[in-house]
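To keep things clear, I will list the structure first and then write my remarks on it.
The values are calculated or read from the model by the stated rules, or taken from the named source; none is laboratory data. Everything numeric here is computed off the predicted structure, so don't read it as measured data. All Cβ positions, even for glycine, are placed from backbone atoms using ideal geometry, and neighbour counts span all protein chains on display.
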Amino acid sequence: MTITIPDESRSVLEITPEKLSAEIRLIAAIKYYEMGRISTGIAAVFAGLPKVLFLTKLGDYGVNTFRLTEAELIDDLANA
């Protein structure tokens, strides 16, 4: 897939095309995970990162690694 980004936009970010490509892949993977469209494993592959590193990146972008509701957490605690 090819995404065309004007040089002016890239230069404002002060980033190489390679780093920009990697960052866009990561951000897309994080967003797809956040939306519940893909798992962390698939998102890590999408981002080109090991799963453990992808999980740490979620925190860097303010995305929870766990998507359990409060009721689910209480239920899990009761079953522990």
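Summary table below
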{"quantity": "Test: residue in the range 30-39 that is in contact with a Phe, Trp or Tyr (Cβ under 6 Å, 6 or more places away or on another chain) and surrounded by 11 or more Cβ atoms within 10 Å (Cβ to Cβ)", "calculated": "yes"}
{"quantity": "Cβ pairs under 9 Å, 6+ apart, first in the range 1-22 and part of a loop (DSSP other than H, G, I, E, B), second modelled with pLDDT under 80", "calculated": "Thr16/Arg10"}
{"quantity": "Candidate set: the range 56-80, residues that are outside any helix (DSSP H, G or I) and either on the phi > 0 side of the Ramachandran plot or modelled with pLDDT of 90 or more (or both); chosen: the one surrounded by the most Cβ atoms within 10 Å (Cβ to Cβ)", "calculated": "Val63"}
{"quantity": "Test: residue in the range 41-55 that is surrounded by fewer than 11 Cβ atoms within 10 Å (Cβ to Cβ), more than 14 Å from the chain's Cα centre (by Cα) and assigned to a helix (DSSP H, G or I)", "calculated": "no"}
